[in-house]
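Working notes, structure below.
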Amino acid sequence: MLTYVILVSTILISYKIYQYLFPTQNINPIGKYVLISGCDTGFGHGLALELDKQGFHVLAGIYSLNNQQKLTSLLSDRATVFKLDITKQEDIDDAYKLISSKTQVLHALVNNAGVGYGGLIDWITLESMRKMMDVNYFGHVSMTKTFLPLLIAKRDSRVVNICSVGGYLATPGMASYCSSKYALEAFSDCLRREMSVWNLRVSIIEPGSMRTPMTDGLLNSMKNLWSELPTDVKERWGEKFYSYSIERFVSHGLMERAENPKKVINVLKHAVMNSKPCIRYRPGLQSPIVFPLSIVPTWLADRILMIVMGSPYQPTCLRHQMQS
């Protein structure tokens, strides 16, 4: 086993050195159109600005029209900024009509729009889980299916999907988020294999926690969740368990360790521009460090996660059961 690990590590390190010494070339961006969802803030906003500087025709979808004027002012005349709620098929259809009036060939679709909030399965509602799936999964599926004709109008176009560490490692308190990202990972792999005959490239971005508005808002959403819980659920877990869980996981685990979002924007740019984009990108430090947990025996991963994320407080109901 040790020999196998050493062999695999040597191959991977050698390949990374080769990539560094002999980087592949970028494509010519002139005349190429790139569609990005979720450009209001975060990765989508940063990528739109970066690709616009490179000379692409950026098609920037925004959720709120309040952000249209500001983003338009930051982009060149080549760019188009328009309203796009990926959970509404009518918005997607309108976007298709708009874009197909400008071009019949789409170089890249970047499925970036997303939401993220946490909570144990016993705390969250079925409605909130459905909303997460609608945005983080079904919205991207609908976007991809709608724009496939423009993508396969030429060879070497690409779809870039923003997934997450949560797409390959399911952690306590993130059932909704991880489920949506696992689904998007599976969809991405199927899409790449099915559309390989068209040479459609599909890249999956798997970052850890990054400093974005979504991460910044996670703590408040978790705090508000407690006030909305049914009385029986509150009594079952207890406020001490709840408070410690969100403080350790959200404040210390996600927010304090959040990395520079530029790391994600850089790999997004590579996936869009490079002549040989990677299938998977794990930007930053967290994702490469965490990844081995997804391939070790499940019982070992469970124990490690419980040590790292466990609470010194027992749920109130469990404590009463043990005392009786």
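Readers should treat all values here as calculations from the given coordinates under stated rules, not as data from a laboratory. Being a predicted model, the structure only gives us computed values, none of them experimental. When we count neighbours, we look across all protein chains shown, and the Cβ atoms used for this are built from the backbone with ideal geometry, even at glycine.
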Taking amide H atoms as placed 1.01 Å from N in the peptide plane, list the residues 5 or more away in sequence, or in a different chain, whose amide H sits under 5 Å from that of C39. G61, I62, Y63
When the range 169-324 is reduced to its Cα atoms, the Kirkwood hydrodynamic radius in Å: 18.2 Å
Mind jotting down the distance between the C-alpha centroids of the range 211-232 and the range 261-324, whole Å? 20 Å
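How high is the FRET efficiency from L300 to T3, r the C-beta distance, R0 25 Å, rounded to 0.05?
E between L300 and T3, to the nearest 0.05, is 0.75.
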What are the principal axis extents of the Cα atoms in the range 22-172, in Å, biggest first? 51, 42, 29
Using the number of other C-beta atoms within 10 angstrom as an exposure proxy, rank V135, V34 with the fewest first. V135, V34
Under the Karplus relation 6.51 cos²θ - 1.76 cosθ + 1.60, θ = phi - 60°, what is the ordered set of whole-Hz ³J(HN,Hα) values for the range 299-312, x standing for Gly and Pro? 4, 6, 4, 4, 5, 5, 5, 5, 5, 6, 10, x, 10, x
Note the full-extension length gain between D122 and E228 as 0.36 nm times their separation in residues minus their Cα-Cα distance, in nm to one decimal. 36.9 nm
Calculated FRET efficiency, A186 and N28, Cβ-Cβ r, R0 35 Å, to nearest 0.05? 0.60
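Taking 24 Å as the cut-off for C-alpha to C-alpha distance, list the pairs among K154/K263; K181/K263; K97/K269; K70/K262; K145/K181 that go past it.
Numbers: K154/K263 29 Å; K181/K263 20 Å; K97/K269 26 Å; K70/K262 20 Å; K145/K181 18 Å.
In this structure, K154/K263; K97/K269 lie more than 24 Å apart at Cα.
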The local net charge around K234, scoring Lys/Arg +1 and Asp/Glu -1 for residues other than K234 whose Cβ lies under 12 Å from its Cβ, equals -3
Quick one: among T41, T87, T24, which has the greatest mean-square fluctuation in a GNM of the chain with alpha-carbon springs under 10 angstrom? T24
Evaluated over the range 102-254, the Cα radius of gyration and Dmax, each in Å: 18.2, 59
Could you name the aspartates and glutamates in cross-link range of K240, using Cα to Cα under 19 Å and dropping any fewer than eight places away on the same chain? D122, E228, D232
With θ set to phi - 60°, apply the Karplus curve 6.51 cos²θ - 1.76 cosθ + 1.60 along the range 41-58 and write out the HN-Hα couplings as whole Hz, x wherever there is a Gly or Pro. 8, x, 4, x, 4, x, 5, 4, 5, 5, 5, 5, 4, 6, x, 6, 8, 8
So who's got an amide H within less than 5 Å of the one on A79, skipping anything under 5 residues away but keeping other chains? H placed 1.01 Å off N, in plane. V58
Neighbourhood net charge (14 Å Cβ-Cβ; Lys/Arg +1, Asp/Glu -1) for I265: +2
For the range 137-150, Karplus couplings with θ = phi - 60° (6.51, -1.76, 1.60), whole Hz, Gly/Pro x: 10, 4, x, 6, 4, 5, 4, 5, 5, 5, 9, 4, x, 6
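Suppose only helical runs count, i.e. DSSP H with n ≥ 4. What mean residue ellipticity at 222 nm does that imply for the chain under -39500 (n - 2.57) per run, divided by all residues and rounded to the nearest 500 deg cm²/dmol?
About -15000 deg cm²/dmol.
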q = 0.13, 0.16, 0.20 Å⁻¹, the range 27-78: log10 I(q)/I(0) [Debye, one scatterer per Cα]: -0.26, -0.39, -0.60
If you take the alpha carbon radius of gyration of the chain and divide it by 2.2 N^0.38 Å, what ratio comes out, to two decimals? 1.08
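Using +1 on the beta carbon of Lys and Arg, -1 on that of Asp and Glu, and nothing else charged, what's the dipole of the chain about the Cα centre, debye to 20?
So the magnitude is around 940 debye.
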Arranged by the count of other C-beta atoms within 10 angstrom, fewest first, what order do L200, L84, L229, L47 take? L229, L200, L84, L47
Near the amide H of G238, under 5 Å away, which other amide H atoms are found, from residues 5 or more places off or on another chain, if H is placed in the peptide plane? T316
Report the full-extension gain for the segment V308 to R193: residue separation times 0.36 nm, less the Cα-Cα distance, to one decimal in nm. 37.8 nm
